[in-house]
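The values are calculated or read from the model by the stated rules, or taken from the named source; none is laboratory data. Note that the structure is predicted; figures quoted are calculated from it, not measured. Cβ placement follows ideal geometry from the backbone for every residue including glycine, while neighbour counts extend to all protein chains displayed. With ligands, DNA and RNA removed, areas are computed over all heavy atoms of the protein, side chains included. Shrake-Rupley method; radii C 1.70, N 1.55, O 1.52, S 1.80 Å.
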Amino acid sequence: MKTNTGRFFEDYKLGEVIPHAVPRTLSGGERAAYTSLYPTRFALTSSDEFARVSGLPAAPLDELIAFHTVFGKTVPDISLNAVANLGYAEGRWHLPVYPEDTLRSESEVIGLKQNSNGKSGVVWVRTRGLNQRDELVMDYVRWVMVRKGNLDADAPETVIPELAKTVSADDLVVPAGLDFTNYDFTLAGEAHRWGEYEVGEVIDHVDGVTVEEAEHMMATRLWQNTAKVHFDATNRADGKRLIYGGHVISMARALSFNGLANAQMIVALNGGAHANPCFSGDTIRAWTEVLDKAETSAPGVGAIRLRLVATKGQAGDLRGEDGKYLPEVLLDLDYWALMPL
Amino acid sequence: MKTNTGRFFEDYKLGEVIPHAVPRTLSGGERAAYTSLYPTRFALTSSDEFARVSGLPAAPLDELIAFHTVFGKTVPDISLNAVANLGYAEGRWHLPVYPEDTLRSESEVIGLKQNSNGKSGVVWVRTRGLNQRDELVMDYVRWVMVRKGNLDADAPETVIPELAKTVSADDLVVPAGLDFTNYDFTLAGEAHRWGEYEVGEVIDHVDGVTVEEAEHMMATRLWQNTAKVHFDATNRADGKRLIYGGHVISMARALSFNGLANAQMIVALNGGAHANPCFSGDTIRAWTEVLDKAETSAPGVGAIRLRLVATKGQAGDLRGEDGKYLPEVLLDLDYWALMPL
Amino acid sequence: MKTNTGRFFEDYKLGEVIPHAVPRTLSGGERAAYTSLYPTRFALTSSDEFARVSGLPAAPLDELIAFHTVFGKTVPDISLNAVANLGYAEGRWHLPVYPEDTLRSESEVIGLKQNSNGKSGVVWVRTRGLNQRDELVMDYVRWVMVRKGNLDADAPETVIPELAKTVSADDLVVPAGLDFTNYDFTLAGEAHRWGEYEVGEVIDHVDGVTVEEAEHMMATRLWQNTAKVHFDATNRADGKRLIYGGHVISMARALSFNGLANAQMIVALNGGAHANPCFSGDTIRAWTEVLDKAETSAPGVGAIRLRLVATKGQAGDLRGEDGKYLPEVLLDLDYWALMPL
């Protein structure tokens, strides 16, 4: 067999580091494609001039371009036989990514737990994205449920990693040189600075975007993520293709510009759940709750912790009386962003 | 309220200059995306070599990329509460835009007239697109009908700007250095030079392109134009999304290559009407009428004034017996282009 | 008539060289667009770093980007009035294409044969793609059946060119500097080297991709190929648009990564048939048969000759009992690729 059948639960060993194929050089082409796929308008990633006034050498690529690129490379080794993508934790962006950078990624197995049914298990990995200078660009923990290939394989010793419920504000990495003291709120699109957001505040981002098959397939391929459920209409009786969860993340983040135009850079991913699947024809909306705020050591730069919720109907409650996500909830994401003071 | 509710009619003051968010750095990525969305083949914007032989440092981005980028930035401030996009006038391209240029835009309110019903009014703005050196890249006048937010607000003094019916040939800006004396008609795709076109001549551009939801949404987002009518299928009972008028402009201009391959650069927009809305599934066709011709001071460069009409059925009459646009007419655009003598 | 009506059979003269419009400068934008349209992951064209370790100055653009660009330019002169695209032969890639290169193409008429019905004929052309330094980038022979415009035109002398059934391994052009002695199989995605493939071996590439109207139209326009059958839904009663055969080639080649991740560069096109038309909604799958193997003079570099078959159902037989392609077969392509020893 020359084709990749993916790994099964029994193939993962605690402590093992899996280097992922295929390195990828990014350019202004990926930025243009991203802009055509999502209604993103954050000034720092849109304009070289705005970025220079903010102390960076040029406009970095959107932080989610880095995430999707790094994540996409893990699919053939981590989630080809995954039953479910269970969660994210301890995600941090360590360095901006610029056009002409080349990214690769690797994952360390940090936890294993076979399910009681003996047919599958949970694998925890810490994935690292590295650039052409082997510098750490981002890392995050992700855990997935994976099928066993050989049901007779021994169960590994159960190791469940201790994961921070949220990245501590002290651990946020602010890009070297970032300085918002000359920040132009008019060019950025909104007047609201860090001080004007209150913990507990909820912002409805108003707009909705109806998604199409061609769009989510183009988006998913853009990250060289070739998980077959996203592309093959013969997998389901209704001919629909399951939309890559990251497509919903990027759509919701872009929609959040309306009300959070100054939440310029994502610096940490505290957690996230793909609450329900998304399909072509769904209209994605989003709302945000402010969860926390913190200062940083960079001039003029504050940090804000946000819960970003994407729904396929109107924004509203998250969970039903049974404590489960309501069927219209697509995404519940917890992240830190940087904002001008 | 942290989200942008847009301006209402009473929010515009005569003489006010509104700077628009968000500046945008363009690259070869936007050119590739544009080429994938429209059947454009004009040699000057397609080939660095062709542009150098024509006296330019490299292939500029399509003039309509500049237009859409500048226009897209005005949407949150000018047309979020617009009832109708009424017209364009006095549009001129002042400088070519090249990859790595950063564009921003601003609009000056030059006219106001409250409608007799007291519920809306017409706003005239002159929009300017500027590059990273604050040089004027293009400007145009646009007028829109905007709802009043507060029906009790006083009507402003009526000021209707005097607008030229067409940009005078003397006012056309030919890019510095442009020289068509070494123009290669074979590489450009057609043999017809400026002298071969006659005022009154009509050219049917033959080909039709059927448009899809995914395409027009990607095109519209590419310019960071996030007017919700283009994206949200729940806005209409039939689930269709109104296609951005600029999508029809670019499609028709690209189709006009067949017969006007040498109309290389758009230098002025004399006027334009989006005669009827366009929807997914429509097949766009186009025809052109030669309206005028003029010489320029640049070597080998003539100017030609063209009426470009886009239809969703066969090319034919523009207006019915009642003087109104026929329902199959999508666009009636009047522009000046540069052409080799 | 200013529009291009295309050439008819009687318009081709043996020995004539037809220069095609419009030259095209490529960039990272075309690479990003290609990646969003096809699930391609070959490391050499994905990563500048991987390419440098392999002795090239940077990641070249996918060989099929060069092919589609060169081919697209021939459409207005060769296939606008073509009834059928009959075959390819003697295709070779002579030089890698890099971002910022400008390509143009020309075709030499090397064969003519009027059909016995007197209404059409077969035209053989050798098409050459050239870069901005007039260096040969690729060439291939293609023959098409073209309608006569004037049925009374004399039949030309019949000349059928002698074409090699396959490009000889001795004639393959390996890019200058290419060296696979430091090849990283982990980064490339699979462990299988040249020595592990056997002539006669068949590889099922497993995955399927369902294609959409928006995608194939964007792909086809990306190469400035404006053949109307691909875009105009009013051409057929069912409203479907015939998908450009090259879209199927690129999809199948990208799918073949799964099992042939190390078949890094296409260097020759021995032959190919578009066995049946492809339409939106079809799910494309692919399999490959190893036809031949050869050594090259470049360090660590072997050549492998592959038959790539694309189907719209499950992979299976090619031909029925009548010797004709089965209806689910879309493509039967014969090519040489380079692979690490």
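Annotations
- Qualifying residue in segment A:162-183 (condition: of a type in the set (A, V, I, L, M, F, W, C), within 12 Å of chain B (Cβ to nearest Cβ) and farther than 30 Å from A:Arg7 by Cβ): no
Quick grid of which residues meet (1) within 14 Å of the chain's Cα centre (by Cα); (2) surrounded by 24 or more Cβ atoms within 10 Å (Cβ to Cβ):
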site: B:Phe71; (1), (2): yes, yes
site: B:Asp77; (1), (2): no, no
site: B:Asn81; (1), (2): no, no
site: B:Leu86; (1), (2): yes, no
site: B:Glu90; (1), (2): yes, no
site: B:Glu100; (1), (2): no, no
site: B:Glu108; (1), (2): no, no
site: B:Asn117; (1), (2): no, no
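- Filtered residues of segment C:119-144 (kept if open to solvent by 50 Å² or more (accessible area, probe 1.4 Å) and outside any loop (DSSP other than H, G, I, E, B)): C:Arg126, C:Arg128, C:Leu136, C:Trp143
- Restricting segment A:184-196 to residues that are in contact (Cβ under 8 Å) with a residue 12 or more places away in the chain and at the interface with chain B (Cβ under 8 Å from one of its Cβ atoms), the residue that is farthest from A:Thr288 (Cα to Cα): A:Leu187
- Taking the criterion of being touching a Leu at 6+ places or on another chain (Cβ under 6 Å) and open to solvent by 30 Å² or more (accessible area, probe 1.4 Å), the residues of segment A:275-286 that qualify are A:Asn276, A:Pro277.
- Meets criteria (assigned to a loop (DSSP other than H, G, I, E, B) and of a type in the set (Val, Ile, Thr)) for A:Thr186: no
- Scanning segment B:62-101 for residues that are in a strand (DSSP E or B) and small (Gly, Ala, Ser), we see that the one that is nearest to the other protein chains (Cβ to nearest Cβ) is B:Ala82.
- Qualifying position, being on the phi > 0 side of the Ramachandran plot and out of contact with any strand residue (DSSP E or B) (no Cβ under 7 Å at 6 or more places or on another chain), among B:Gly300, B:Gly259, B:Gly239, B:Gly246: B:Gly239
- If you filter segment C:152-162 down to residues that are in contact (Cβ under 8 Å) with a residue 24 or more places away in the chain and exposed (fewer than 13 other Cβ atoms within 10 Å of the Cβ), you find that the one that is farthest from C:Val122 (Cα to Cα) is C:Asp154.
- C:Thr210 being of a type in the set (Ser, Thr, Tyr) and not assigned by TED's automatic domain parsing to the domain that holds C:Glu10: yes
- Selection count, segment A:27-48, where residues are part of a helix (DSSP H, G or I) and more than 19 Å from C:Glu30 (Cα to Cα): 5
- Options C:Ala188, C:Ala254; residue that is under 14 Å from C:Met339 (Cβ atoms), of a type outside the set (S, T, N, Q), modelled with pLDDT of 95 or more and open to solvent by less than 10 Å² (accessible area, probe 1.4 Å): C:Ala188
- Here is the figure for segment B:193-209: residues that are open to solvent by less than 10 Å² (accessible area, probe 1.4 Å) and part of a helix (DSSP H, G or I) total 0.
- Exactly one residue among C:Arg41, C:Arg31, C:Arg24, C:Arg104 is within 13 Å of chain B (Cβ to nearest Cβ), within 23 Å of C:Ile284 (Cβ to Cβ) and among the basic types (Lys, Arg), and that residue is C:Arg31.
- Options B:Ala51, B:Ala59: the member that is within 14 Å of chain C (Cβ to nearest Cβ) and in a helix (DSSP H, G or I): B:Ala51
- Here the condition is being crowded, with 22+ Cβ neighbours inside 10 Å and at pLDDT 95 or above; of C:Leu44, C:Leu56, it holds for C:Leu44 alone.
- Residue among B:Arg52, B:Arg7, B:Arg92 that alone is free of Cβ contacts under 8 Å to residues at least 12 places away in the same chain and more than 30 Å from C:Lys228 (Cβ to Cβ): B:Arg52
- Any hit, segment B:249-263, residues being in contact (Cβ under 8 Å) with a residue 60 or more places away in the chain and within 14 Å of chain A (Cβ to nearest Cβ): yes
- Matching residues, segment A:210-240, being at the interface with chain B (Cβ under 8 Å from one of its Cβ atoms), crowded, with 23+ Cβ neighbours inside 10 Å and in contact with a Lys or Arg (Cβ under 8 Å, 6 or more places away or on another chain): A:Glu213
- Restricted to segment B:2-21, and to residues there that are within 7 Å of another protein chain (Cβ to nearest Cβ) and assigned to a loop (DSSP other than H, G, I, E, B), the residue that is nearest to the chain's Cα centre (by Cα) is B:Asn4.
- Test result for B:Gly177, outside any loop (DSSP other than H, G, I, E, B) and open to solvent by less than 60 Å² (accessible area, probe 1.4 Å): no
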